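Read-outs throughout are calculated quantities, based only on the coordinates presented, and are distinct from any laboratory measurement. Values in this document were obtained by computation on a predicted structure and should not be read as measured data. For neighbour counting, all protein chains shown are included, and Cβ atoms are generated from backbone atoms with ideal geometry for every residue, glycine included.
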Amino acid sequence: MSAGPYSRTSSRDRILARVRSAVADAPEAPEPARDYLTTHTPDDPAAVLDLLHENLADYRAIVHRTTPDEMPWLLMRLLAERGSATVLVPPGLPPEWLSAADATRIHDRSVSTAQELDAVDSVVTGCALAIAETGTIVLDAGPGQGRRRITLIPDHHICVVRVPDQVVASVPQAMSRLDPTRPLTWISGPSATSDIELDRVEGVHGPRTLEVVLLQG
Amino acid sequence: MSATYLGMPSFPEAAGEALHNVTLRANLRHATHTIRDKRARAVAELADWAELREAGKQIKNRTLRHLDRYLEQLETAVTEAGGTVHWAADAEEANRIVADLVKATGEREVVKVKSMATQEIGLNEALEAEGISAYETDLAELIVQLGDDRPSHILVPAIHRNRGEIRDIFAEKMANWGRPAPDGLSDSPAELAEAARLHLREKFLRAKVGISGANFMVAETGTLVVFESEGNGRMCLTLPETLISVVGIEKVVPSWRDLEVFLQTLPRSSTAERMNPYTSMWTGTADTDGPQTFHLVLLDNGRTDALADEVGRQALRCIRCSACLNVCPVYERAGGHAYGSVYPGPIGAILSPQLRGIQSEIDASLPYASTLCGACYEVCPVAIDIPEVLVHLREKVADQGGKGHRLEKAAIKAAGWVLDHPAALAAGERAASRTRKLHPKRLPGAGAWTAARELPELPAESFRDWWKKNRT
């Protein structure tokens, strides 16, 4: 690394040696007991879905329920109501979802700059899964979701959750289904801050409007 | 630690000043009471809170016991995923590494995610000395940075400021750093947040280098995790070409599965939410998504000293949730600045003296910045027995001697003798009651103790005498 009093190897060795001598006489620490619950919710898909809906809404996401047949009309309406002229589309988004929408589709390409993305009105993506107990959607950059930046810069994000395949009840259930080698983004409601007198204000840097579509069937 | 805190007065002195600041006390009281009530409700939703707390404690204990093994495993995993790992023994070395990495990119400005570790080492000041501008992008950190102020809370660093003060800071200072605040800015939180959004967006969109800390690092997979609310973290972790993360060595956890515990306990303990709005997890670099260059700087800076203390090492379990600050009666009245460290409140009172040693006046005073009421231990999601560590550190400070502690030792020794001799105790109590009109309000020769405390009024008769008269 740099010249000077330090070299990378010596600090590495020094820190590890200090750790070893610090814990040399420490009592053995066993494998942790995992006596906590794997879920706090009864195993009933309808109840889990209702809980997801309730918790998403509690953190000010706008929630819609629809069917595959109604999906194009719902998305058309949501984009039109907002007056969105342009909509970002990740490469693997099912084309039929936006078949009725008037907004111009902008396809995310790796060369798109942040400024270009900033000029887009809305983005529509799928997700990896949704967690009912916490009202969380998780994105893993899969084909229907695209790069992390496309759900970050536009001010309006519509996220589609396939029900029941992509709905889990709890955080532990989510962890066992996620792949840590992928870039993961957990989203619970729109961007928010509580830094001013702990008053929650929606929308600082991320999308100020988050709409979640629960797609059944 | 940070040069900002050098020459801080001892806790009682700094706290004494804060106690007279009526605005500060009102801001703090409102904030801490709001969040502690909300937290209690969020925690009550989980029937297995006690088990999650125990698991969190055990995971962290296991990590610390084999920290060498997990750090080496982490290094291998991060490297295999395309990252580069650096080791920094102290603040100076960490700052040197980061400054050199930034210079190597040819850039002169960086955007930062709120990070305790980089505050601890005074990274912003070190970068400034090298001609590099570091922009804080968390709203509260922005308020602190623009106001040329110091953070006073782990989670909400500008907790000591109310909306009127924040409005004034934005209106006066934003123009010096970039886009000015809009004309006629009011003090409504929504308008203030909007002003911050506009001010920072131009920085996010052009930034080439991002600097962060991490809440957790997973040894098994090399995954780093950042919890946040505003999206500024996502901006800094996603848009720049180069990402540099400075993380304390104690932040590692062994396995991917371990995160399921902290993903449940950290948000509920800190912001009192079921889940914070955004959590980002990244493992090295990804082909076309996020920064193409990733550096991890592993920071010791006193952590191995703390690890060597068999009672005190439990402080390294801390996940920086700040629940202990919000329940502490001393923090609520004294405010965060009085602790003279980036780590205020009960956890700061045990962490700072361990990381920095107890030689300075401020660090020797911190173990006494507590009533030992135990509320901090009750709320801690990793069950750090803060009162136990406080008492342990007090013993160390007393053993070290110095101003005030000779009298303390003599008093404790005398008290020990009296408590061992019941007849002497009874006689003493009786004598004290009979002479109570003559007692001074302040104890002569113990000004340091009584300056912030009223001596209790003695009852007309001792409890033993009362019991004898009424119950036997």
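Things worth noting here:
- The label-point distance for A:D43 and A:A24, in a model that sets each label 7 Å from Cα toward Cβ, rounds to 5.1 nm.
- Per-residue Cβ neighbour counts within 10 Å put A:D108, B:D300, B:D149, A:D58 in the sequence A:D58, B:D149, A:D108, B:D300, beginning with the fewest.
- Distance between modelled label sites at A:S99 and A:D13, nm, 7 Å Cα→Cβ extension: 6.7
- Distribution of pairwise C-alpha distances over the stretch A:54-93, 10 Å bins, in %: 22, 43, 34, 1
- Most positive-pole-ward Cα, A:P94, A:G83, A:V48, against dipole of the stretch A:34-105 from beta carbon charges: A:G83
- Ordering of B:113-122, B:217-226 by packing [mean C-beta count within 10 Å, highest first]: B:113-122, B:217-226
- Remark: the B:S188-B:D168 segment gains 6.0 nm on full extension, using 0.36 nm per residue and subtracting the alpha carbon distance.
- Hits among lysines - C-alpha to C-alpha of B:K469 under 24 Å, sequence gap 8 or more where chains match: B:K437
- Dipole orientation for the stretch B:234-300: of the candidates B:M281, B:T265, B:V297, B:T265 has the Cα lying most toward the positive pole (charges on Cβ; Lys, Arg +1; Asp, Glu -1).
- The long axis of helix A:8-23 is offset from the longest Cα principal axis of chain A by roughly 70 degrees.
- Contour minus Cα-Cα distance for B:A423 and B:T435 (0.36 nm per residue): 2.5 nm
- Per residue, the convex hull around the alpha carbon atoms of the protein assembly as shown comes to 178 Å³.
- Each Lys and Arg adds +1 at its Cβ and each Asp and Glu adds -1 at its Cβ; summed about the Cα centre, the protein assembly as shown shows a dipole of about 2220 debye.
- Shielding of peptide B:41-49 by partners, expressed as the average count of other chain Cβ atoms within 10 Å per residue Cβ, is 2.
- Per-pair calculated FRET efficiency, R0 = 60 Å: B:D399 and A:E116 via Cβ, rounded to 0.05: 0.40
- With 0.36 nm allotted per residue and the present C-alpha distance subtracted, the B:E17-B:E51 stretch has 8.1 nm of extension available.
- Acute angle (nearest 10 degrees) that the helix A:45-58 long axis makes with the longest principal axis of chain A, alpha-carbon atoms: 90
- Sorting A:E28, B:E388 by the number of Cβ atoms found within 10 Å of their own Cβ, with the fewest placed first, yields A:E28, B:E388.
- Chain B - share of DSSP beta bridges that are antiparallel (%, nearest 5): 25
- Once the C-beta distance of A:D179 and B:T288 is scaled by a Förster radius of 22 Å, the resulting FRET efficiency is 0.80 to the nearest 0.05.
- Only Lys, Arg (+1) and Asp, Glu (-1) charged, at Cβ; chain B dipole about Cα centre in debye: 2180
- Arranged from fewest to most other beta-carbon atoms within 10 Å of their beta carbon, B:D363, B:D48 become B:D48, B:D363.
- Under a model in which nothing but the beta-carbon of Lys, Arg (+1) and Asp, Glu (-1) is charged, the stretch B:46-165 shows a dipole of about 440 debye around its Cα centre.
- Positive-end residue, the protein assembly as shown charge dipole about Cα centroid, Cβ charges, pick of A:A174, B:A219, B:P9: B:P9
- Average partner coverage of A:168-180, which counts Cβ from other chains inside 10 Å: 4
- Cross-link pairs B:K57/B:K103; B:K208/B:K251; B:K60/B:K203 - those with Cα-Cα distance over 29 Å: B:K57/B:K103; B:K60/B:K203
- The angle between the Cα long axis of helix A:71-82 and the longest principal axis of the Cα atoms of chain A comes to about 90 degrees, rounded to the nearest 10.
- Legend note: in the protein assembly as shown, cysteines whose Cβ sits 4.7 Å or more from every other cysteine Cβ are A:C127, A:C159, B:C236, B:C318, B:C321, B:C328, B:C373, B:C380.
- Model label sites at B:E457 and B:D100, defined 7 Å from Cα along the beta-carbon direction, differ in position by 6.7 nm.
- CD proxy at 222 nm, helix term only [per DSSP H run n ≥ 4: -39500 (n - 2.57); per residue of chain A; nearest 500]: -7000 deg cm²/dmol
- A protection proxy built from the mean count of other Cβ atoms within 10 Å ranks the segments B:188-199, B:173-184, A:46-57, most packed first, as B:188-199, A:46-57, B:173-184.
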